[in-house]
Amino acid sequence: MYYTDCGGGCSEENLQIFSIKVESIRGGLRWPLDVSGIVTARDTLDTDRKRNIVFARSRSNCQTITEECPYLELTGPTRGVVADFDPGSFEIVLKAKGATESDDRDLSFLVLPLKEHEYCKYDRYYTSRRSTLELTLRHVDRSVEATIHMRLVGGSSWPRGLQGVFTASIGSIDDAEVSLLSFQDDKLPVIADDGTIKLTRRVVSVERKRGELKVSIMAHCASDEQDATTDDIVFTPKNAGRSCGVLNVGTCKIQITVAWSLFDL
């Protein structure tokens, strides 16, 4: 959101990260796994050496993944990953928790340069000693950064008994979505008196010219996924400023605010 309120900056080619999956394990590891560690995206804006964190879990707050659901719960990047000139790299340090800290095993330890002729690919597989990771990502041409905020409005409350999934997608990519938030047992994470919702991920890269950002909600009962309530709203990108809209789940109204910003090179 560097230029959201003041304007300026320029559009840049970005790398949109959709998911990271533990495709397979070996070397004595068994499902399920309690995973800790960090995944960081490095790019041309890392001149101050701040890490653009994509996934981070401490040993005391591991994510449990299973063979049926082997995806890491991503929390970033916290800004768009610029892929102009030097496409940058991923730094991955993941561990599988053991009975004691000395029993922890390295799950993945990789530094992955994203070469110019490679980073446009959609699915990439990286193998280390004990695992193979699948990174799902896509190059987004001349993009603007969209930072998404959500809050309950009009005295709304989330419908009792419904699970929810919030996603975002962009016009040029019709076969993948960014998971913004997924929750169960009607536990919508409201974190402020004004109804602000805590999203797992907030930042999406969108083509500046002729692009679009679609934010969607699907709500359903745990016992009946077929009977789902859905709604979505489409935003046209701006160079700066904000766009607003409302998603509806029955009588529940959720205000979506998108802050637009170009990049500082």
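Summary of computed values
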read-out	value
Looking only at the stretch 98-114, and only at residues there that are more than 24 Å from the chain's Cα centre (by Cα) and touching a residue at least 40 places away in the same chain (Cβ under 8 Å), the one that is farthest from SER60 (Cα to Cα)	ARG105
Subset of the stretch 137-164 that is of a type in the set (Ser, Thr, Tyr) and surrounded by 16 or more Cβ atoms within 10 Å (Cβ to Cβ) - its residue that is farthest from VAL82 (Cα to Cα)	SER156
Test: residue in the stretch 162-183 that is assigned to a loop (DSSP other than H, G, I, E, B) and either aliphatic (A, V, I, L, M) or in contact with a helix residue (DSSP H, G or I) (Cβ under 7 Å, 6 or more places away or on another chain) (or both)	yes
Hits in the stretch 154-164 - residues which are within 12 Å of LYS253 (Cβ to Cβ) and touching a strand residue (DSSP E or B) at 6+ places or on another chain (Cβ under 7 Å)	GLY154, SER156, SER157, TRP158, PRO159
Scope the stretch 172-196; condition within 17 Å of the chain's Cα centre (by Cα) and within 20 Å of ILE233 (Cβ to Cβ); matching residues	ILE173, ASP174, ALA176, GLU177, VAL178, SER179, LEU180, LEU181, SER182, PHE183
Filter result (buried (at least 16 other Cβ atoms within 10 Å of the Cβ), charged (D, E, K, R) and modelled with pLDDT under 90) within the stretch 118-136	none
Selected residue (criterion: nearest to VAL204 (Cα to Cα)) from residues of the stretch 233-265 that are polar (S, T, N, Q) and assigned to a strand (DSSP E or B)	SER261
Subset of the stretch 216-265 that is of a type in the set (Val, Ile, Thr) and farther than 14 Å from MET150 by Cβ - its residue that is surrounded by the most Cβ atoms within 10 Å (Cβ to Cβ)	THR229
SER60 vs. criteria among the hydroxyl-bearing types (Ser, Thr, Tyr), outside any strand (DSSP E or B), more than 16 Å from the chain's Cα centre (by Cα) and modelled with pLDDT of 90 or more	yes
Any hit, the stretch 85-94, residues being at pLDDT 95 or above and either in contact with a helix residue (DSSP H, G or I) (Cβ under 9 Å, 6 or more places away or on another chain) or over 16 Å from ILE20 (Cα atoms) (or both)	no
Any chance ARG151 is modelled with pLDDT under 95 and in contact with a strand residue (DSSP E or B) (Cβ under 6 Å, 6 or more places away or on another chain)	no
Any chance ASP193 is buried (at least 16 other Cβ atoms within 10 Å of the Cβ), farther than 24 Å from CYS10 by Cα and either out of contact with any strand residue (DSSP E or B) (no Cβ under 7 Å at 6 or more places or on another chain) or not aliphatic (A, V, I, L, M) (or both)	no
Residue tally, condition of a type in the set (A, V, I, L, M) and touching a Lys or Arg at 6+ places or on another chain (Cβ under 7 Å), over the stretch 153-167	1
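The values are calculated or read from the model by the stated rules, or taken from the named source; none is laboratory data. In this text, all values refer to a predicted model and were calculated from it rather than measured experimentally. Heads up, the Cβs are rebuilt from the backbone with ideal geometry, glycines too, and the neighbour counts pull from every protein chain shown.
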